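Everything on this sheet refers to the single structure shown next.
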Amino acid sequence: MRRFFSLPLFALTLVFLVFVARVQEVDLNKSNVITAATPASAQPTIAPNPGNSEIYQGLDLKLPAYPAPTKLKIDSSKRFLVRADGSPFVWIGDTFWKFSRLTREQRLHLLDDRQSKGYNVVMIRVGTGTKGEPAGFSGNLQPIESHFQEMDHLVKEAKKRGMYIAIATGWWQIVQDFDADALYKFGKFIGDRYKDDDNIIWLSAGESGGHRRKQELAFKRVKSLVQGIRDGDTGNKLLTIHADFQRGTSISKMNTLVDFQNWQTSQWCCPDDLPRKDDRHWTVWEAIAYDYGQSPTKPTFDSEAWYENTNLGGGTPATPYNVRRRAYFSIFAGGFGHSYGGSGIWDATSNFDQALQLEGSTHIGYLSQLLHALGSDFLKLRPTQSMIVSGQSSNYDQHIQATSANDGSYALVYTAGTPSFTLDLSPLSSESVSVIWFNPRTKELSRGNAVTRRNQVNFATPGKGDWVLVLGR
């Protein structure tokens, strides 16, 4: 027995201790800087923890629940949308503006496909009668009943699926072409028609919020349209004014008319043509951060981002990577959700069926599953860029965006491509911090080794590309 516990045992013990130190964390020169190991290749994924949606216990990826829709409202923090019972409503939407160009069967196909991926909002508009789109009105904004019967059907079918329809009463031209009285009456007609449908969100008129075209839209006319919608709907449903491209409602007088802000961060172009205030270019995260810091506080989000597989306006088609990084940037910067867009869907063209399977739309569905895994803890999120000590970049391909729970229970960090970075974990409440890597391209989860909470911890992504680091108890 004495010989068993002598030198050989000491050597084995030493080897074991070195191994543990290397796998878990390395103390660098006895400072507060530690390095978190990447996931072990033998354990590439984590099986969902059944029945447990707490991020710090075991990430349980799942599609959102689709209960019977209730009227949405603003939460007590004025940062998020919630259902009537106070549960979070994470807006994951799709733009289906020209829905009336397709058959009822095709529209239901879209609802079913998007529901299966984790979407809960579809954005539509009253038809303008241009470019093959059936008109929803004639003359001096006189409603065409047959058009609204088609809209009724879509609203009803969405309700059956627990999904919401966000309605624009037309496009910016109606505000330009018709007077305040006609706009009020049209808005009141539509508001009254859907006053009993709890799955409605109002977008007022498309591309009318924060207008930046040569001829500024008359505020009085927009206000009349909004007032008509509210009077017809009895003022019970949430309303915003869909923003013009490269603009947001928050940087115009329109912000006084809305329940929540929204940006259209450029549906058709690329990172060098960004949303802006006056003549200064903004990044997506700066635009959302601007809204987050305004008073009075109102929720905000990117309602129309860079479209996948499209060439609108001579711009550059977005890749799946372009699509998902803009969503993560905006939500982690303080947005309450995000809307996807893709060619063939928004414009309801002949390649509609193929467009439903665009890869980026699936990736946004993975984002939905990640956010819905948070459960009610989603309402705790706040932007936390102070966590990023090094590795940050203003380049879209390398930018890092961080958000954390206001009680310190967890944090989410998205890196668009930076493979290694240093974080300050002091915003977290637990001394021992769990590490999970979420792959936004595949939704695979990989466990890293827990680290000790310090003000400088180095992380390295499991591989190339963009990743989400999930830190918790």
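What the table shows:
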{"read-out": "Gyration tensor verdict on segment 56-129 (Cα atoms; rounded if a/c is under 1.5, prolate if a/b is larger than b/c, oblate otherwise)", "value": "oblate"}
{"read-out": "Projected label distance in nm at residue 157 and residue 432, using a 7 Å step from Cα toward the beta-carbon", "value": "5.2"}
{"read-out": "Mean Cβ neighbour count within 10 Å, used as a protection proxy, ranking 424-430, 61-67 highest first", "value": "424-430, 61-67"}
{"read-out": "28 Å Cα cut-off, lysine pairs counted over segment 75-174 (separation 8 or more, or different chains)", "value": "11"}
{"read-out": "Least to most buried among 387, 254 (fewest other Cβ within 10 Å first)", "value": "387, 254"}
{"read-out": "Set of aspartates and glutamates with alpha-carbon distance to residue 253 below 17 Å, sequence-local pairs under 8 removed", "value": "207, 216, 244, 278, 291"}
{"read-out": "FRET efficiency, residue 449 to residue 359 (Cβ-Cβ, R0 30 Å, nearest 0.05)", "value": "0.40"}
{"read-out": "Neighbour-count ranking [beta-carbon atoms within 10 angstrom, fewest first] of 145, 150, 304", "value": "145, 150, 304"}
{"read-out": "Set of lysines near residue 185 by C-alpha distance (under 19 Å), chain-local residues within fewer than 8 positions excluded", "value": "195, 220, 223, 237"}
{"read-out": "Order of 74, 201 - criterion: other Cβ atoms within 10 Å of each residue's Cβ, fewest first", "value": "74, 201"}
{"read-out": "Förster radius 45 Å - calculated FRET efficiency between residue 76 and residue 350 (Cβ-Cβ, nearest 0.05)", "value": "0.45"}
{"read-out": "Dipole magnitude of segment 73-372 about its Cα centre (Cβ charges: Lys, Arg +1; Asp, Glu -1), debye to nearest 20", "value": "480"}
{"read-out": "Cross-link partners of residue 464 among aspartates and glutamates (Cα-Cα below 19 Å; sequence separation of 8 or more within a chain)", "value": "359, 397, 444"}
{"read-out": "Gyration tensor (alpha-carbon) shape descriptor, segment 73-372, a/c threshold 1.5", "value": "rounded"}
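Coordinate-derived values only; no laboratory data. Fair warning: this is a prediction, and the values are worked out from it, not measured in the lab. When we count neighbours, we look across all protein chains shown, and the Cβ atoms used for this are built from the backbone with ideal geometry, even at glycine.
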